[in-house]
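> Take this structure, written in C-alpha cells, and hold onto it; I'll ask about it next.
The values are calculated or read from the model by the stated rules, or taken from the named source; none is laboratory data. Nothing here was measured: the structure is a model prediction, and the numbers come from that model. In this analysis, Cβ positions are derived from the backbone assuming ideal geometry, glycine residues included, and neighbour counts consider all displayed protein chains. Side chains included, ligands, DNA and RNA excluded: accessible areas come from the protein's heavy atoms. Shrake-Rupley method; radii C 1.70, N 1.55, O 1.52, S 1.80 Å.
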Amino acid sequence: MTTLTTALAPGSAPARAEASYAAKRRRKLIVAALVFAALAALPYGIRDVYLQNVLILTLMYAALSQSWNILGGYCGQVSLGHALYFGIGAYATSVLFVNYGVLPWFGMLAGGMLSALVALVLGYPCFRLAGHYFSIATIVIAEIGLLLVHNWDFVGGAMGIQWPFNPDSWWTLQFARDKIPYVHFAIGFLAVVWFVTWLIEGSRWGYWWRAVKDDAQAAESLGVEVFRSKMAAAAVSASFTAIGGGFYAAYVSYIDPESVMSFRFSLLFALPAVLGGIGTLWGPLVGAAILIPLTEISRSYLGGSGNGLDLMLYGVLVMVVALARPEGVLSLFRRTRKARNEEATP
C-alpha cells in the first residue's frame with residue numbers, strides 16, 4: 001500500500017508522466033481550435049468559385065479520411081470498401097429527401113445509423129479474416145453493393161437521383177448562389193470527427209485499438225477484447241463516412257451508383273491518411289491538403305488533354321512519399337523536432 005501511495009504521489013515519476021500526457025492532449029485541443037478557426041475564416045478571402053469548390057472537397061475528404069483512419073489507422077484494419085458506407089449515406093439522405101420530404105439533416109443521421117448497422121453485420125464474418133484477406137473481402141463487398149444499387153429501381157438504378165431545386169436554406173442544405181455555407185458545414189463536420197477521434201485516442205477504446213493494431217494476439221492475451229474492438233471501430237468509422245456521403249449528395253444535388261460508390265472513393269478515403277500519417281490526428285488533414293488540391297488542379301489543367309499526365313503526377317507523388325516517408329508527411333516534422341531536442345540536450 002505504501003509503495004502504491006508513493007508511486008501516485010504528486011512528485012513521483014508516474015504522476016509527472018500523467019501530468020505531461022494531459023498537458024500534451026490539452027495543447028492538441030488548443031491547436032485544433034486555432035486551426036479550425038483559421039479554416040472558418042479562410043473562405044471569406046477566396047472569391048473564386050472553383051477554388052471554393054476545391055476547398056470544400058479538401059475539407060470533406062479530410063473528414064472522410066479521418067473517419068477511415070479510426071478503423072484503418074488506429075485499429076489497423078485496412079478497409080478498401082468504405083465507398084459502400086459513403087454510398088449508403090448518400091442514398092439514404094437522397095431517397096428520404098426526394099421521395100419523402102425528410103430533411104437532409106435527419107437523412108444523414110439515418111444513413112449513419114444504417115451504415116453502422118451494416119458495418120456490424122459485415123464485420124461479424126469479415127473480422128475473422130486478417131491482413132490482405134480482410135482488405136480483399138471489403139473490396140468485394142463494396143463492389144457487390146455497387147452492382148446491387150445499379151439494378152435497384154427503388155433508388156433510381158443506374159439513372160440515379162436528382163435533387164429538386166429549392167431556395168437557399170440551411171434546412172435543406174441547398175445553396176445555389178453561395179458555396180461558403182458548404183465550406184462551414186465541411187469545417188464543422190471535420191471538427192466533429194477530429195474531436196471524436198481525439199476523445200477516443202485518450203480513452204480505453206483508443207488504447208485497445210492501438211494494441212490490436214500492434215499485435216492482436218498479444219493484446220488478447222492481456223485481456224483486450226479484440227473482436228469487440230474491431231466491431232466498435234468499424235461502426236464509428238462507417239457512421240461518419242455515411243454522414244459525409246449525405247453531405248456530398250446535398251452538395252452535388254445528383255447521385256448515381258458510380259458517382260458515390262465506385263472504388264476510387266475507397267482509395268480517396270484511405271490515401272490522405274496514408275500520405276499524411278496513418279493513425280494520427282492531423283495526418284488525414286495534412287494528406288488531404290496535399291492530395292486533393294493536386295488532384296483537382298492537375299485534372300483541370302492536365303486531364304483534358306487525354307494523355308493521362310494528371311494521373312501520372314498523382315501516382316508519382318504517392319510513390320515518392322511512400323518511399324521517402326513511409327510513416328507519412330507528419331513523420332518529417334516529428335523527426336525534425338526530435339533532432340532539435342537532441343541538440344538542445346547537453
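> Is it the case that segment 277-296 has a residue that's modelled with pLDDT of 90 or more, within 21 Å of LEU122 (Cα to Cα) and open to solvent by less than 10 Å² (accessible area, probe 1.4 Å)?
No, there is no match, as no residue in segment 277-296 is modelled with pLDDT of 90 or more, within 21 Å of LEU122 (Cα to Cα) and open to solvent by less than 10 Å² (accessible area, probe 1.4 Å).
> Filter segment 181-207 down to residues that are aliphatic (A, V, I, L, M) and surrounded by 15 or more Cβ atoms within 10 Å (Cβ to Cβ) and give me whichever is farthest from SER239 (Cα to Cα).
Step one: list which residues in segment 181-207 are aliphatic (A, V, I, L, M), which gives 183, 186-187, 190-193, 196, 199-200.
Then keep just the ones that are surrounded by 15 or more Cβ atoms within 10 Å (Cβ to Cβ); that gives 183, 186-187, 190-191, 193, 196, 200.
On the way: VAL183: 21, ALA186: 16, ILE187: 18, LEU190: 14, ALA191: 15, VAL193: 11, VAL196: 12, ILE200: 15 Å.
Out of the qualifying residues, it is VAL183.
> Which residue is modelled with the highest pLDDT, if the candidates are limited to segment 117-145 and must be of a type in the set (A, V, I, L, M) and not in a helix (DSSP H, G or I)?
We begin by selecting, within segment 117-145, every residue of a type in the set (A, V, I, L, M); these are 117-122, 129-130, 136-137, 139-142, 144.
Checking the rest, the ones that are also not in a helix (DSSP H, G or I) come to 129-130.
Details: LEU129: 89, ALA130: 84.
The qualifying residue modelled with the highest pLDDT is LEU129.
> Do the conditions hold for ILE200, that is, is it in contact with a Ser or Thr (Cβ under 8 Å, 6 or more places away or on another chain), of a type in the set (Val, Ile, Thr), in contact (Cβ under 8 Å) with a residue 60 or more places away in the chain and part of a helix (DSSP H, G or I)?
Spelling it out, it is not the case that ILE200 is in contact with a Ser or Thr (Cβ under 8 Å, 6 or more places away or on another chain), of a type in the set (Val, Ile, Thr), in contact (Cβ under 8 Å) with a residue 60 or more places away in the chain and part of a helix (DSSP H, G or I).
> Condition check: farther than 25 Å from LEU59 by Cβ, touching a helix residue (DSSP H, G or I) at 6+ places or on another chain (Cβ under 7 Å) and in a helix (DSSP H, G or I). Does ALA158 satisfy that? First the steps, then the outcome.
On the way: farther than 25 Å from LEU59 by Cβ: yes; touching a helix residue (DSSP H, G or I) at 6+ places or on another chain (Cβ under 7 Å): yes; in a helix (DSSP H, G or I): yes.
Yes: the conditions hold for ALA158.
> Also, I was wondering about something else. Looking only at residues in segment 208-254 that are among the aliphatic types (A, V, I, L, M) and without any contact (Cβ under 8 Å) to a residue 40 or more places away in the chain, which one is surrounded by the fewest Cβ atoms within 10 Å (Cβ to Cβ)? Talk me through it step by step, then tell me what you get.
Residues of segment 208-254 that are among the aliphatic types (A, V, I, L, M), as a first pass: 211-212, 216, 218-219, 222, 224, 226, 231-236, 238, 242-243, 249-250, 252.
Still in the list and also without any contact (Cβ under 8 Å) to a residue 40 or more places away in the chain: 211, 218-219, 222, 224, 226, 232, 252.
Numbers: ALA211: 20, ALA218: 11, ALA219: 20, LEU222: 9, VAL224: 19, VAL226: 17, ALA232: 22, VAL252: 12.
Of everything passing the filter in segment 208-254, LEU222 is surrounded by the fewest Cβ atoms within 10 Å (Cβ to Cβ).
> Taking segment 80-126 only, how many residues are more than 23 Å from TRP152 (Cα to Cα) and touching a Gly at 6+ places or on another chain (Cβ under 6 Å)?
The number of residues fulfilling the criteria is 0.
> Next question. Scan segment 105-132 for residues that are over 24 Å from TYR248 (Cβ atoms) and without any contact (Cβ under 8 Å) to a residue 24 or more places away in the chain and jot them down.
Listed by number, the residues that qualify are PRO125, CYS126, ARG128, LEU129, GLY131, HIS132.
> Also: From the residues in segment 1-48 that are within 28 Å of SER203 (Cβ to Cβ) and among the aromatic types (Phe, Trp, Tyr), which one is modelled with the highest pLDDT? Reasoning before the result, please.
We begin by selecting, within segment 1-48, every residue within 28 Å of SER203 (Cβ to Cβ); these are 3-40.
Filter once more, keeping what is among the aromatic types (Phe, Trp, Tyr): 21, 36.
Working: TYR21: 76, PHE36: 95.
Result: PHE36.
Listed here are the residues, each with its yes/no results for (1) among the β-branched types (Val, Ile, Thr); (2) open to solvent by less than 20 Å² (accessible area, probe 1.4 Å); (3) on the phi > 0 side of the Ramachandran plot; (4) without any contact (Cβ under 8 Å) to a residue 24 or more places away in the chain.
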{"position": "ALA38", "(1), (2), (3), (4)": "no, no, no, yes"}
{"position": "PRO43", "(1), (2), (3), (4)": "no, yes, no, no"}
{"position": "ILE46", "(1), (2), (3), (4)": "yes, no, no, yes"}
{"position": "THR58", "(1), (2), (3), (4)": "yes, yes, no, no"}
{"position": "GLY73", "(1), (2), (3), (4)": "no, yes, no, no"}
{"position": "VAL78", "(1), (2), (3), (4)": "yes, no, no, no"}
{"position": "ALA83", "(1), (2), (3), (4)": "no, yes, no, no"}
{"position": "ALA90", "(1), (2), (3), (4)": "no, yes, no, no"}
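> Restricting to segment 128-145, give me the number of residues that are among the aromatic types (Phe, Trp, Tyr) and open to solvent by less than 50 Å² (accessible area, probe 1.4 Å). Please lay out each step first, then the result.
The initial filter retains those residues of segment 128-145 that are among the aromatic types (Phe, Trp, Tyr), namely 133-134.
Still in the running and open to solvent by less than 50 Å² (accessible area, probe 1.4 Å): 134.
So the answer is 1.
> Name the residue, out of TYR85, TYR74, that is of a type in the set (Ser, Thr, Tyr) and over 18 Å from ALA249 (Cα atoms). Before you say what the answer is, go through the steps one by one.
Numbers: TYR85 fails: over 18 Å from ALA249 (Cα atoms).
Result: TYR74 is the single residue among TYR85, TYR74 that is of a type in the set (Ser, Thr, Tyr) and over 18 Å from ALA249 (Cα atoms).
> With respect to PHE106, determine if the residue is in contact with a Leu (Cβ under 8 Å, 6 or more places away or on another chain) and open to solvent by 100 Å² or more (accessible area, probe 1.4 Å).
Working: in contact with a Leu (Cβ under 8 Å, 6 or more places away or on another chain): yes; open to solvent by 100 Å² or more (accessible area, probe 1.4 Å): yes.
Against the criterion (in contact with a Leu (Cβ under 8 Å, 6 or more places away or on another chain) and open to solvent by 100 Å² or more (accessible area, probe 1.4 Å)), PHE106 qualifies.
> Condition first: farther than 25 Å from LEU55 by Cβ, in a helix (DSSP H, G or I), out of contact with any Phe, Trp or Tyr (no Cβ under 6 Å at 6 or more places or on another chain) and of a type in the set (Gly, Ala, Ser). Can you find one or more residues in segment 182-192 that meet it? Spell out how you get there, then give the answer.
The first filter runs over segment 182-192 and keeps only residues farther than 25 Å from LEU55 by Cβ, leaving none.
Looking through segment 182-192, none of the residues is farther than 25 Å from LEU55 by Cβ, in a helix (DSSP H, G or I), out of contact with any Phe, Trp or Tyr (no Cβ under 6 Å at 6 or more places or on another chain) and of a type in the set (Gly, Ala, Ser).
> Checking PRO125 against (1) loosely packed, with under 14 Cβ neighbours inside 10 Å; (2) under 30 Å from TYR44 (Cα atoms); (3) not acidic (Asp, Glu): exactly one of these is not met. Which one?
(2)
> Looking at (1) assigned to a helix (DSSP H, G or I); (2) touching a residue at least 24 places away in the same chain (Cβ under 8 Å); (3) open to solvent by 30 Å² or more (accessible area, probe 1.4 Å), which is the only condition LEU148 fails?
Here LEU148 meets the rest and fails (2).
> So, in segment 322-337, how many residues would count as being at pLDDT 75 or above and either more than 28 Å from ARG299 (Cα to Cα) or in contact with a helix residue (DSSP H, G or I) (Cβ under 6 Å, 6 or more places away or on another chain) (or both)?
Matching residues across segment 322-337 total 4.
> While we're here: How many residues does segment 260-299 hold that are within 28 Å of THR93 (Cβ to Cβ) and among the hydroxyl-bearing types (Ser, Thr, Tyr)?
3
> May I pose another question? Residues in segment 255-272 that are crowded, with 21+ Cβ neighbours inside 10 Å and within 22 Å of ILE141 (Cα to Cα): how many?
Step one: of segment 255-272, the residues crowded, with 21+ Cβ neighbours inside 10 Å are 255, 257, 260-261, 265-266, 268-272.
Add one more test, that the residue is within 22 Å of ILE141 (Cα to Cα), and what stays is 255, 257, 260-261, 265-266, 268-271.
Number satisfying all stated conditions: 10.
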